[in-house]
Amino acid sequence: MAERFDVLVQGISKSDALHLLFAKTDSVERPADRYFAATRLGLCDCDETLDALIRATSDLKVDELFDRITRRKAVEALGRRKDAKAIPALVEVLRCTDTEAVINSLSALIRIGWSPSEDEENHLLNLLDGEVTQARAVIQLFTRLRIKSAQSKERIGGLCDHESLLVSGAARACIALLYGEVELMKPLLACLTDLVAGKRRSAVIDIGDSGDEALLPDLIRAPVSMSLRAKSFFQIVDANNSVSEPQNQVLLKQLLRDNPLLLDIKKEWQCGDNPDEIEQNLSHRDEARQYGAAASMMRIERDQCLNLIESMQERLWSDYVTHYYLTCIIGLRKIQEKGDLIRSALAETTPQYTKSRIAAAWACVDLQLFDQMDLLDELSKTAAWVPLRWTCQQSLANLLDQQKQVATAKK
């Protein structure tokens with residue numbers, strides 16, 4: 001479960017979660033509560049809950065559906081706890097037959113910061129012969145934990161031309177980051193605009209793993225979720241200690257402003273100016289189609305755009321995807337009449353709307369909403385997500401400059 005959905009499990013008490021974790025499925029009114037309980041225990045910080053999650057990795061079996069899913073969630077929760085005490089149990093999970101549990105364990109070990117022994121490294125390399133998603137997760141572990149050895153370089157390097165992009169892309173990123181062979185990343189640039197959404201997303205992730213700063217201009221133009229691009233962007237600049245470089249500041253602003261007209265949008269993702277078509281595409285599962293619709297909203301007449309915003313506001317403002325794009329468009333097109341929506345979006349604390357808060361922060365500058373400066377100041381210091389904190393810092397500075405200009409003009 002994505003961490004932005006933690007609100008779904010916060011209503012479960014610690015004692016109830018501990019009971020549900022090992023309950024017999026047929027004794028539970030809602031069996032799904034068992035794996036929600038595992039996620040809930042991942043939010044705790046006491047030894048009792050950590051020990052319970054560790055025990056779940058061995059006591060829950062894979063032959064009963066809800067045991068199996070709950071065990072996977074327990075493994076995932078251990079990654080969130082980031083406690084080295086869980087490492088032996090997670091390493092043991094790597095030997096089980098449940099591929100999803102193995103993948104979750106690999107991710108958890110990355111989050112904890114595992115240093116495998118030679119025997120454990122050999123087992124990891126054997127896991128490369130498993131399913132594609134498992135092989136990708138193994139390669140990502142070597143990349144993100146920066147595990148280098150002659151054996152792993154040969155084994156992973158041999159997968160750079162694997163038939164699956166999930167494997168080949170991860171392998172190329174690994175060899176690029178760990179051994180400096182950045183030329184291997186060039187074939188992934190075409191994948192950033194592939195018609196298959198999954199290929200675009202995996203390419204964005206792999207480019208982030210590669211640490212190749214030269215790919216930032218291409219990365220920021222990909223029609224993929226802004227938050228996913230931002231994650232890869234920060235991976236790269238953090239790896240190179242270069243976030244403060246002027247050229248990267250310019251690229252970061254372009255990325256976080258997320259103007260759809262500056263993205264590489266193919267004709268297959270574009271739509272006309274028909275309101276129904278725009279709304280339909282804005283709700284599409286493929287982000288490229290969403291951006292195509294947003295680009296149409298940037299091009300249509302202002303009054304037509306305002307009417308469309310008002311129509312969707314009444315019916316779809318609670319949908320966090322639509323909420324984000326409308327917030328972006330209001331700011332980018334400087335639609336003063338909708339300043340109330342910008343104030344509402346900036347004040348929204350539900351995690352699913354965090355992207356909207358970024359769009360709203362930029363819109364405060366576009367609409368000169370000086371009454372939001374206190375909130376921007378607070379977020380510039382306290383926001384947990386770095387892109388939001390950085391955006392608020394930039395927006396606040398811009399508003400202060402605007403305020404000075406207005407004061408000077410009045411003299």
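The values are calculated or read from the model by the stated rules, or taken from the named source; none is laboratory data. Bear in mind the structure is a predicted one, so any value in this text is a computation, not a measurement. Every residue, glycine among them, receives a Cβ derived from its backbone with ideal geometry; neighbour counts consider all protein chains shown.
Worth a mention:
- Identity of the residue in segment 216-256, among the small types (Gly, Ala, Ser) and part of a loop (DSSP other than H, G, I, E, B), that ends up surrounded by the fewest Cβ atoms within 10 Å (Cβ to Cβ): Ser244
- Listed by first and then second residue, the pairs with beta-carbon distance under 6 Å, at least 6 apart or on different chains, first residue in segment 363-384 and at negative phi and in the same structural domain as Ala347 (by TED's automatic domain parsing), second among the charged types (D, E, K, R) and in a loop (DSSP other than H, G, I, E, B), are Asp366/Lys334.
- Members of segment 230-279 that are at positive phi and within 18 Å of the chain's Cα centre (by Cα): Asp258
- Subset of segment 283-296 [at pLDDT 95 or above and out of contact with any Asp or Glu (no Cβ under 9 Å at 6 or more places or on another chain)]: Asp286, Glu287, Gln290, Ala295
- Of all residues in segment 128-146, those satisfying the criterion of being in a loop (DSSP other than H, G, I, E, B) and touching a Ser or Thr at 6+ places or on another chain (Cβ under 8 Å) are Gly130, Glu131, Leu145.
- Check on Arg95, modelled with pLDDT of 95 or more, of a type in the set (Lys, Arg), over 24 Å from Asp129 (Cβ atoms) and over 27 Å from the mean Cα position of the chain (by Cα): no
- Residue, nearest to Ser164 (Cα to Cα), within segment 130-144, restricted to residues that are within 18 Å of the chain's Cα centre (by Cα) and among the hydrophobic types (A, V, I, L, M, F, W, C): Ala137
The rows are residues; the columns are (1) touching a Gly at 6+ places or on another chain (Cβ under 7 Å); (2) among the basic types (Lys, Arg).
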position: Gln313; (1), (2): no, no
position: Ser344; (1), (2): no, no
position: Arg357; (1), (2): no, yes
position: Leu369; (1), (2): yes, no
position: Leu375; (1), (2): no, no
position: Ser380; (1), (2): no, no
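- Arg357 vs. criteria under 25 Å from Val243 (Cα atoms), surrounded by 13 or more Cβ atoms within 10 Å (Cβ to Cβ) and in contact (Cβ under 8 Å) with a residue 12 or more places away in the chain: yes
- Screening the candidates Ala295, Ala288 for the property of being without any contact (Cβ under 8 Å) to a residue 60 or more places away in the chain and in a helix (DSSP H, G or I) yields one hit, Ala295.
- Any hit, segment 159-166, residues being hydrophobic (A, V, I, L, M, F, W, C), under 28 Å from Ala288 (Cα atoms) and outside any loop (DSSP other than H, G, I, E, B): yes
- Close pairs (7 angstrom Cβ cut-off, 6 or more residues apart or separate chains): assigned by TED's automatic domain parsing to the domain that holds Arg34 and more than 11 Å from Ala108 (Cα to Cα) in segment 68-84, among the β-branched types (Val, Ile, Thr) and modelled with pLDDT of 95 or more anywhere: Arg71/Thr57
- Spans of helices (runs of 4 or more DSSP H) in segment 16-126 with at least 3 residues closer than 22 Å to Ser149 by Cα and not aromatic (Phe, Trp, Tyr): 99-112, 118-126
- All positions within segment 172-196 that are assigned to a helix (DSSP H, G or I) and either of a type in the set (Lys, Arg) or buried (at least 18 other Cβ atoms within 10 Å of the Cβ) (or both): Arg172, Ala173, Cys174, Ile175, Ala176, Leu177, Leu178, Val182, Leu184, Met185, Leu188, Cys191
- Condition met for Thr391 (out of contact with any Ser or Thr (no Cβ under 8 Å at 6 or more places or on another chain) and buried (at least 21 other Cβ atoms within 10 Å of the Cβ)): yes
- Candidates in segment 257-274 are the residues that are acidic (Asp, Glu) and modelled with pLDDT of 95 or more; of these, the one that is surrounded by the most Cβ atoms within 10 Å (Cβ to Cβ) is Asp258.
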